[in-house]
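Read-outs: derived from the displayed coordinates by stated rules, not from any lab. Predicted model, so just to flag it, every value in this text is computed and none were measured. Using ideal geometry, Cβ is built from the backbone for each residue, glycine included, and neighbour counts are taken over all protein chains shown.
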Amino acid sequence: MEPARALLLVLDGAGLDNPKPGNAVTACTMPTWFACMSRHGFALLEASGKPVGLDEGQVGNSEVGHMTIGAGFVIPSTLSRIQAAYRDGSWAELALWRRLVPNRKLHIVGLLSDAGVHGHIDSLTQAAMLAWHHGIADIVVHPVLDGVDSQAGSAPALLDQLRRALQEIKGARLGVIMGRRWFADRSGKLGITRSYTHALTGGLDLPLYHDEALRCHLIAESEASFIAHACSDSYYPGRYEPVLLTQHRADHALQLARA
């Protein structure tokens with residue numbers, strides 16, 4: 001008697017929800033798959049929010065899938081761990097802050113996104129708030145526009161949200177605004193990343209940012225390819241001024257730091 005055989009097949013992007021309206025995968029688009037489900041049975045599993053280690057209402061993503069499939073238990077996402085560390089005070093207690101405070105100036109760089117895959121707007125604002133609580137007088141936040149993980153075209157609303165949050169933090173201001181194309185590369189090609197670091201460190205004569213420039217750009221392209229603009233003429237890190245990266249992926253942050 002031959003042993004039973006089973007195949008685990010992961011169909012990327014083939015999510016199902018209940019009730020059915022809104023499902024891209026249907027019996028019409030994938031008849032063989034639905035016939036197998038009807039014949040052998042199936043179960044629906046949650047792929048977003050707390051069941052996969054995300055905050056309540058947070059949309060699932062490929063990073064969570066890579067971590068969760070086959071684990072057998074819930075693995076908190078990077079965003080969830082950062083949020084928890086902010087709430088319980090352990091982020092504020094990191095020894096790193098004692099090294100940053102004497103500088104009196106801090107640059108915070110990270111992805112301006114509401115998706116939470118590779119970065120999140122909350123990580124930017126929380127880092128700025130902690131810097132202020134530790135007595136850092138000048139906090140320059142450099143948001144990197146997303147449009148890949150987050151909805152393309154969502155940057156203006158996210159920028160407004162960031163501005164409102166920074167208004168509550170004394171000494172906080174915006175620095176360089178640029179798309180993620182040159183920031184979120186992880187291929188190891190430092191030439192791509194240096195396009196971002198060159199702009200950040202004052203190596204380019206950047207145009208002054210205004211909302212109309214971003215709106216015009218979004219007519220034809222996503223914010224991911226928005227070229228670097230400066231919000232002031234004193235944005236770039238001076239000699240020995242620290243830069244704090246709030247990127248959720250270590251490979252992005254390491255490549256950026258090397259560049």
Note, segment 212-227: 3J(HN,Hα) by Karplus (6.51, -1.76, 1.60, θ = phi - 60°), whole Hz, Gly/Pro = x, goes 5, 4, 5, 4, 5, 5, 6, 5, 10, 9, 7, 5, 4, 9, 5, 6
Using alpha carbons only, how many angstrom separate the centre of segment 1-41 from the centre of segment 179-201?
40
Counting alpha carbon pairs within less than 8 Å and at least 6 residues apart, what relative contact order, in whole percent, applies to segment 1-70?
15
Scan [x] 73, 44, 34; [y] 47, 45, 36; [z] 57, 48, 31 for the value of Cα extents along the principal axes in Å calculated from this model and give just the label.
[x]
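Report, in cubic angstrom per residue, the convex hull volume of the C-alpha atoms of segment 191-259.
117
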Amide H neighbours of Leu145 under 5 Å, counting only residues 5+ apart in sequence or on other chains, H built in-plane at 1.01 Å?
Leu112, Met178, Gly179, Arg180
With runs of 4+ DSSP H residues as the only contributors, calculate the mean residue ellipticity of the chain at 222 nm using -39,500 (n - 2.57) per run, divided by the residue total and rounded to the nearest 500.
-10000 deg cm²/dmol
What's the extension gain from Ala84 to His66 if we count 0.36 nm per residue and subtract their Cα-Cα distance?
4.3 nm
How many angstrom separate the Cα center of segment 211-259 from the Cα center of segment 131-155?
9
For segment 25-101, the spread of Cα positions along each principal axis, largest first, Å:
63, 23, 19
So what J values fall out for segment 98-109 if you push phi through Karplus, 6.51 cos²θ - 1.76 cosθ + 1.60 with θ = phi - 60°, rounded to Hz, Gly and Pro as x?
5, 7, 7, 4, x, 6, 6, 9, 9, 9, 10, 10
Residue among Thr125, Ala4, Ala152 farthest towards the positive dipole end of the chain, charges placed on Cβ
Thr125
For Ile108, the residues 5 or more places away or on another chain with a placed amide H closer than 5 Å to its own amide H are Val140, Val141, His142, Leu244
Cα-based Rg / Dmax (Å) for segment 44-145:
15.7, 53
Per the Debye formula with a single identical scatterer at each Cα and no solvent contribution, what log10 I(q)/I(0) holds for segment 116-259 at q = 0.11 Å⁻¹?
-0.38
Using Cα pairs under 8 angstrom and six or more residues apart, how large is the relative contact order of the chain, in percent?
17
Counting only DSSP beta bridges fully inside the chain, the antiparallel percentage to nearest 5 is 10
